[in-house]
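The structure appears right after this line, and notes come after that.
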Amino acid sequence: LVAEIEKKITEAFEVFDRESNKTVDVREIGCIVRSLGCFPNEAEVQELIEKMEVEEPGGFVHLEKFLPVVTKVLLDRRFRPIPEDVILHAFEALDENKRGYITKEDLVKYLTEE
């Protein structure tokens, strides 16, 4: 189980490791954790970052520091997923024409302009 979780975490980390050097910008930590189905608030993200021993403010987080902290978060189920009804409500707000789907173009517009 732990090996599977660590593999999943490493794969998510690597998506944000733009230099392929086992580091990510500290500002990406919240996105990575959320991509794993955990939804901490910003204060909780900062607590996680403190546990990762980032060497300088605004710096980079190494996978070897990230992996044990996030593995424990997932094993402990520390952050609950967003309830399905909240996600559905958000989707419905974006689906203005009540079609049951959002086009790629609309999604890009919402994420980049609004």
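List of remarks:
- Yes/no for D106 being touching a helix residue (DSSP H, G or I) at 6+ places or on another chain (Cβ under 8 Å), farther than 29 Å from K7 by Cβ and not in a loop (DSSP other than H, G, I, E, B): yes
- A count restricted to region 1-10 and to residues that are β-branched (V, I, T) and in a loop (DSSP other than H, G, I, E, B) stands at 0.
- Here the helices (runs of 4 or more DSSP H) wholly within region 11-78 that include at least 3 residues being touching a residue at least 40 places away in the same chain (Cβ under 8 Å) and either touching a helix residue (DSSP H, G or I) at 6+ places or on another chain (Cβ under 7 Å) or surrounded by 15 or more Cβ atoms within 10 Å (Cβ to Cβ) (or both) are 63-76.
- Residue selected from region 87-108 under the condition open to solvent by 70 Å² or more (accessible area, probe 1.4 Å) and of a type in the set (D, E, K, R), by the criterion nearest to F39 (Cα to Cα): E92
- Flag if K7 is out of contact with any helix residue (DSSP H, G or I) (no Cβ under 9 Å at 6 or more places or on another chain) and either in contact (Cβ under 8 Å) with a residue 60 or more places away in the chain or charged (D, E, K, R) (or both): yes
The values are calculated or read from the model by the stated rules, or taken from the named source; none is laboratory data. Since we're looking at a predicted model, the values are computed, not measured. With ideal geometry, Cβ positions are generated from the backbone for all residues, glycine too; neighbour counts draw on all protein chains shown. All accessible areas refer to the heavy atoms of the entire protein, side chains included, with ligands and DNA or RNA removed. Shrake-Rupley method; radii C 1.70, N 1.55, O 1.52, S 1.80 Å.
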